Amino acid sequence: MLIVTGATNARTEAANTKIKHIKRTGRGFRNERNYRSRILLTSAARVAA
């Protein structure tokens, strides 16, 4: 499809990968507050880098 239209789904795939990675990072937390904090810290570190 790329050759014909020049469009790819790379942005969508990248977003899905980020979401999956954040979910993986949060596994094992029993406390919702700790889970949320971990996700926010992970997201902030990616934005800052």
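Tell me, what is the FRET efficiency for residue 35 and residue 10 to the nearest 0.05, using R0 = 22 angstrom and their Cβ-Cβ distance as r?
0.15
Quick one: 3J(HN,Hα) in Hz for the range 31-43, Karplus 6.51/-1.76/1.60 with θ = phi - 60°, rounded, Gly and Pro as x.
Calculated HN-Hα couplings, in order: 8, 4, 5, 5, 4, 5, 4, 4, 5, 5, 5, 5, 5 Hz.
Computed from the coordinates by the stated procedures, all read-outs in this text should not be read as laboratory data. Please read all numbers here as calculations on a predicted model, not as lab measurements. Every residue, glycine as well, gets a Cβ built from its backbone with ideal geometry; the counts of neighbours run over all protein chains shown.
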